[in-house]
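Only one structure is covered here, and it is reproduced in the block below.
Coordinate-derived values only; no laboratory data. This is a predicted model, so every value here is computed, not measured. Neighbour counts are summed over all protein chains in view; Cβ atoms, including those assigned to glycine, are modelled from backbone coordinates with ideal geometry.
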Amino acid sequence: MTESHISYTPLPDLPLWERMKSKRGLISFDLEVTARCTNNCRHCYINLHADDSAARQRELSLEEIKKIAEEAVSMGALWCLITGGEPLLRDDFFDLFLSLKKMGLLVSVFTNATLITKEHVRFFKQYPPRDIEITVYGVTQQTYETITRKPGSFAAFMQGLSLLFDAGVKVKLKSMALRSNLHELNDISLFCREKTNSRFRFDPFLHARIDRHRKRNDDINAERLTPDEIVEIERSDKERFKALEKKCENLDTLNPAMPGDNHIFSCGAGQNSFSLSHNGRFRLCASLNHPDCTYDLNKGSLADAWNNFVPKVRDMRSKNRDFLSTCRICPLINLCTWCPAHAFLETGELDTPVADFCRTAHARADTCKY
């Protein structure tokens, strides 16, 4: 980011359409309770070693999380997601989950299932989550462990999954479309749909590292599919392609930018939800980690972050001509994975186009014509 690109304008100067959009109400929030994980997935944007003592020390305590969650509930929050890293690594996971449930929140959990035991199953049967989402990286040991880089992880995953399904715990399955599992993606889809009565989704977009670690980002780039490959697997999934075609029907109306508007943010980040990092950083969404766009809740309040900091971030303006003449007005924006958060992770700037994202958006638009 350069000073010439980004500026702020006092909120009273916002045009009417933006002031109407800025009416926000808190509905949900994500709790990234740890960055540590049992796996070491090639594509992961956050994971640290499960035994990383420094990372453990940076994690918010149960009492700190409860305080923030209670404030969120008082502000209207109804639902929260417990995620990581691998959240089951927390020694206080049961207490954490139950505390949130007792606040009246609907609680979802993202886990890789490798740590699931009979004790977890009994707990989830007694205190049902809104849902549990588990990522299926492969349905063979070779594919799964090529991605996780953890010997024994496939057997642990399958055992955890079986315990949940055998007990009737509500589970959603999903996958990442990677270079390392592309050959097995159809089998992954069949496996997931069979287990969940046709409920399955996959994501071909790989998020760059939050810490911007060069070597780990090289691993992520090596796992990314080409635009043509992404379009091919999306066309092969009837439900996903149907949704894509629907987006293509009214491309001229997809970009919410008004003539002359130079706001960087036009997405829903910070409108009805927020994300909390494992070390107490408030973010408008989990991907938005630009230093000017995060708020340290260790030094402030959730109310201040939500009521004062979020509007300031959403009012950030751009002077970058490349951005203003392309992404900001592009009718393909909703077919694209570009957003300020991802732009920063890829380029170091919030308002810079990303060529690979653009190529994927155009490939998606082109495939809808046939």
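Rounded to whole Å, the principal axis extents of the Cα atoms in the range 104-211 read 39, 31, 28, largest first. Note on the range 156-302: Cα Rg divided by 2.2 N^0.38 Å, N the number of residues, gives 1.32.
Once the chain from Arg240 to Glu70 is taken as fully extended at 0.36 nm per residue, the excess over their C-alpha distance is 57.5 nm. Ranked by how many other Cβ atoms sit within 10 Å of their own Cβ, fewest first, the residues Asp211, Asp91 fall in the order Asp91, Asp211. Each other residue within a Cβ distance under 12 Å of Ala208 adds +1 if Lys or Arg and -1 if Asp or Glu, for a net charge of -1. Estimated at 0.36 nm per residue, the fully extended path between Thr347 and Asp187 surpasses their Cα-Cα distance by 54.1 nm.
Between Asp51 and Glu232, the simple label model (points 7 Å from Cα in the Cβ direction) yields a spacing of 4.2 nm. Here's the list of lysines a cross-link from Lys67 could span, going by alpha-carbon distance under 20 Å and ignoring same-chain residues fewer than 8 apart: Lys101, Lys102, Lys299.
Per residue of the chain, the DSSP helices (runs of n ≥ 4 H) give a summed -39500 (n - 2.57) that works out to -10500 deg cm²/dmol at 222 nm.
Backbone geometry of the range 102-119 corresponds, through the Karplus equation with coefficients 6.51, -1.76 and 1.60 at θ = phi - 60°, to 3J(HN,Hα) couplings of 5, 7, x, 7, 7, 10, 10, 10, 9, 8, 8, 6, 6, 9, 5, 10, 4, 5 Hz, x marking Gly and Pro. Under the combined filter of DSSP loop state and at most 14 neighbouring Cβ atoms within 10 Å, the range 41-79 retains none of its trypsin sites (Lys or Arg not before Pro).
By the Cβ distance rule (another cysteine Cβ under 4.7 Å), the unpaired cysteines of the chain are Cys37, Cys80, Cys192, Cys267, Cys285, Cys293, Cys327, Cys330, Cys336, Cys339, Cys358. Label positions at Asp203 and Phe165, each projected 7 Å from the Cα along the C-beta direction, are separated by 2.3 nm. Evaluated with a Cβ-only charge set (Lys, Arg +1; Asp, Glu -1), the chain carries a dipole of roughly 560 debye about its Cα centre, given to the nearest 20. Extending 7 Å from Cα along the Cβ direction at Lys215 and again at His362 yields two label points whose distance is 3.6 nm. Within the chain, the proportion of C-alpha pairs whose separation exceeds 32 Å stands at 35%. Give me the percent of Cα-Cα pairs in the range 87-153 that sit more than 16 Å apart, rounded to a whole number. Roughly 53 percent, once rounded to a whole number.
Each Cα pair under 8 Å and six or more residues apart adds its sequence gap; the mean of these over the residue count of the chain is a relative contact order of 20 percent. Direction-averaged projected area, Cα convex hull, the range 278-348: 5.6 nm², rounded to one decimal.
When the C-alpha to C-alpha distance is required to be over 28 Å, the pairs from Lys150/Lys195; Lys174/Lys242; Lys195/Lys215 that qualify are Lys195/Lys215.
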